[in-house]
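Student: Pasting in a structure now, in structure tokens, and then I'll have a few things to ask.
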């Protein structure tokens, strides 16, 4: 399968909540637009470079073991952001990666947004099992 990249918007959920309740001006909600987030079906969640996490101002939650190609390392977890791709969104805690890594969208957010990778077209499509519509499983 080739490389799949998508534009994504990632918003600080705490800021969005505060703005919704009049505690923060709407133009103060922190977000980043990522023109080429890498879809990585081998990854679990949403990962972002440290510099983007700092721009979002997400709260540090905990360190957590992570399996990487270099072995098991301690990863810093932050929460919570709202990831939007192709008009679909989901809340995600975020794992910090080094600044030389791209934003990685893993399997859990893909499932939450009901996307699958079309390997022939090298893009995301709505889940064919749901007729391409954004449907959740209960």
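Student: Which one of these is touching a strand residue (DSSP E or B) at 6+ places or on another chain (Cβ under 6 Å), within 29 Å of residue 18 (Cβ to Cβ), touching a residue at least 24 places away in the same chain (Cβ under 8 Å) and part of a loop (DSSP other than H, G, I, E, B): 93, 89, 99?
Tutor: After ruling out the rest, the residue left standing is 99.
Student: Could you say whether any residue in region 111-124 is surrounded by fewer than 17 Cβ atoms within 10 Å (Cβ to Cβ) and on the phi > 0 side of the Ramachandran plot?
Tutor: Scanning region 111-124, I find at least one residue that is surrounded by fewer than 17 Cβ atoms within 10 Å (Cβ to Cβ) and on the phi > 0 side of the Ramachandran plot, so the answer is yes.
Student: Can you find a residue in region 55-66 that is part of a helix (DSSP H, G or I), farther than 20 Å from residue 108 by Cα, touching a helix residue (DSSP H, G or I) at 6+ places or on another chain (Cβ under 9 Å) and at pLDDT 95 or above?
Tutor: Looking through region 55-66, at least one residue is part of a helix (DSSP H, G or I), farther than 20 Å from residue 108 by Cα, touching a helix residue (DSSP H, G or I) at 6+ places or on another chain (Cβ under 9 Å) and at pLDDT 95 or above.
Student: Return the residues of region 1-45 that are in contact with a helix residue (DSSP H, G or I) (Cβ under 9 Å, 6 or more places away or on another chain) and either closer than 16 Å to residue 117 by Cβ or part of a loop (DSSP other than H, G, I, E, B) (or both); say none if nothing qualifies.
Tutor: 23, 24, 25, 29, 30, 39, 40, 41, 42, 43, 44, 45
Student: Hey, another quick one. One residue is enough: does region 59-77 have a residue meeting the conditions out of contact with any strand residue (DSSP E or B) (no Cβ under 7 Å at 6 or more places or on another chain), surrounded by 12 or more Cβ atoms within 10 Å (Cβ to Cβ) and farther than 18 Å from residue 9 by Cα?
Tutor: Looking for residues that are out of contact with any strand residue (DSSP E or B) (no Cβ under 7 Å at 6 or more places or on another chain), surrounded by 12 or more Cβ atoms within 10 Å (Cβ to Cβ) and farther than 18 Å from residue 9 by Cα, one finds none in region 59-77, hence no.
Student: Could you list, ordered by first residue, the pairs with Cβ atoms under 6 Å in which the first is in region 27-44 and on the phi < 0 side of the Ramachandran plot and modelled with pLDDT of 95 or more and the second is in a strand (DSSP E or B) and loosely packed, with under 15 Cβ neighbours inside 10 Å, at least 6 apart or interchain?
Tutor: These pairs meet every condition: 35/7.
Student: Give me a count of the residues in region 106-131 that are part of a loop (DSSP other than H, G, I, E, B) and over 21 Å from residue 37 (Cβ atoms).
Tutor: Matching residues across region 106-131 total 1.
Student: Being over 17 Å from residue 107 (Cα atoms) and either under 15 Å from the mean Cα position of the chain (by Cα) or at pLDDT 95 or above (or both) narrows it down to one of 75, 18, 8, so name that one.
Tutor: 18
Student: Sticking with this one: Can you list residue pairs whose Cβ atoms sit under 8 Å apart, with the first residue in region 9-25 being at negative phi and loosely packed, with under 15 Cβ neighbours inside 10 Å and the second being modelled with pLDDT of 95 or more and not in a loop (DSSP other than H, G, I, E, B)? Count only pairs 6 or more apart in sequence or on different chains.
Tutor: 25/19
The values are calculated or read from the model by the stated rules, or taken from the named source; none is laboratory data. On a predicted model such as this, the values are computed, not experimentally measured, just so you know. Cβ: placed from backbone, ideal geometry, glycine included. Neighbour counts: every protein chain shown.
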